[in-house]
C-alpha cells in the first residue's frame, strides 16, 4: 500500500492502519513504509483523523524497526575473533554488569 497522498483515493485515505505494525515484513520494507508515512505526514492536505492514524502506524513501524535493529546489534556483539582471527560466538554481557578492566 502506497502512502503518497497524490496517489491515493479518498477511500484509501480513511482506511485503518496495517494490523501487523510491520512485524511480519522484512526490515527494509518496514523502513520504506515508515518513510512513506513520514512523507505523507509532511503534506498539508490530509485530514486530522488520517494524520493521527498514520502517526500511530508510524510509531508501530518505528518500534518494529528498533526491535529488529536491537536484535541485529545483539547478534553482532556476540561475534568475537580469537587470537587466530577466527570468528566465534560469545555470550553477550549485560549492560548492567559490564566486564571489569584487567
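Readers should treat all values here as calculations from the given coordinates under stated rules, not as data from a laboratory. This one's a predicted model, so the numbers in the text were calculated from it and none came from an experiment. Reconstructed Cβ throughout: ideal geometry from the backbone, glycine too, with neighbour counts over all protein chains shown.
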Could you sort the peptides 57-64, 46-53, 68-75 by per-residue average Cβ neighbour count (10 Å cutoff), highest mean leading?
57-64, 46-53, 68-75
Subtracting the Cα-Cα distance from 0.36 nm times the residue separation, let me have the gained length for residue 39 to residue 72 in nm, one decimal.
9.2 nm
Ranked on Cβ counts within 10 Å of their own Cβ, fewest leading, 24, 44 go 44, 24
